[in-house]
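Single-structure report; data block below.
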Amino acid sequence: MISDGAVVAPLSRSLRDLDAPGVPAEWYARAARVLRGGDGGEHGLLLYKLVSGGSRRGGPLVALDVGTARGFSALTMARAMLDGEVEGRVYSVDVIGHDEPVIWHGDKHDADEPLAGVEMSRAEIWRRWFPDEAGMVTTVEGTSLDVLGGWRHGPIDCAFLDGSHEYEDVRGELAALDSLMAEGGVIVVDDFHLGVEVARVRSRLLNAVPWRIGGLLGRVWPGARAWSRRLGANNEYAVVRHRLSGVRNAVVEFAEEGAGRWSLEVVTMPSRGEYQGGDYSLAVLSRTASGGCDMDGQDGQDESS
């Protein structure tokens with residue numbers, strides 16, 4: 001069940017309704033391949049359009065990205081600013097340091113993809129593949145609630161939440177943003193699931209043995225790496241449950257309590273097969289009335305990329 005009055009629409013319709021340029025196909029394909037291993041990233045199509053239209057209030061646009069990971073969402077919003085000649089800045093928050101070497105979701109990559117099995121910091125990834133976009137992003141190390149509690153960068157026009165998926169954290173983020181968003185601002189929440197579904201849940205116990213065998217084969221027989229990485233990928237079991245219900249519950253409660261200030265649209269997304277179930281959606285919260293943030297546009301930078 002979702003909030004009364006909420007609109008449910010497919011991504012294609014939401015994109016058509018936004019009167020703003022779309023992301024260049026070549027750039028989007030490259031970013032999805034490098035930063036996501038070619039895995040999904042359709043939410044970037046929406047973020048790009050939301051940012052490329054510029055700030056509705058005038059002045060520099062302020063965008064927030066919670067849960068930087070490799071930086072796909074932050075860099076997509078930065079690309080939109082560059083392409084649209086939009087003055088502004090993206091602030092991207094993560095508990096992982098910008099210069100901290102990490103193997104980024106190596107199990108999701110094919111062997112011939114740029115970051116497959118590579119240990120590299122986010123800073124190096126950006127310098128190597130996205131230097132122009134990186135110049136538009138300020139990275140901030142810390143938890144979202146700590147960062148939002150000390151926010152000093154002015155009213156936020158567009159926020160994307162994809163950090164913690166626990167109810168308490170999402171609820172706290174939304175509560176903080178209620179007083180920080182600009183009038184006409186938009187909050188996009190990832191991993192909103194419409195309800196109960198037969199969700200595929202990876203079983204670590206079932207996969208442990210074939211994964212280990214695949215890893216050993218890849219070491220002694222390099223030619224087998226491409227297919228040995230997939231051993232165990234399909235050993236999954238299905239359970240009926242509320243998938244990521246903490247995100248959904250937090251969003252619905254926020255929309256209901258903020259009725260009159262916020263409207264909710266649920267944007268259904270293309271299925272990502274094993275990675276994302278058929279009910280995977282985005283929650284788009286739009287401020288509909290006055291009462292947005294009126295702080296000045298102080299633009300201190302916590303940690304530059």
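If I take R0 = 25 Å and measure r between the Cβ atoms of residue 219 and residue 118 in this structure, what FRET efficiency does the formula 1/(1 + (r/R0)^6) give, to the nearest 0.05?
FRET efficiency, residue 219 to residue 118: 0.95.
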Within the accessible area of the range 101-174 (1.4 Å probe), percent carbon and sulfur
47 percent
For the range 8-142, just the Cα atoms, rotate onto the principal axes and tell me the three extents in Å, largest first.
41, 29, 26
Given the whole protein assembly as supplied and a 1.4 Å probe, what does the accessible area of residue 83 come to in Å², nearest 10?
70 Å²
Take peptides 64-74, 136-146 and line them up by average Cβ neighbours within 10 Å, highest first, as a rough protection proxy.
64-74, 136-146
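The values are calculated or read from the model by the stated rules, or taken from the named source; none is laboratory data. On a predicted model such as this, the values are computed, not experimentally measured, just so you know. Backbone-built Cβ (ideal geometry, glycine too); neighbour counts: all protein chains shown. Areas reflect the complete protein model, heavy atoms only, side chains present, ligands, DNA and RNA absent. Shrake-Rupley method; radii C 1.70, N 1.55, O 1.52, S 1.80 Å.
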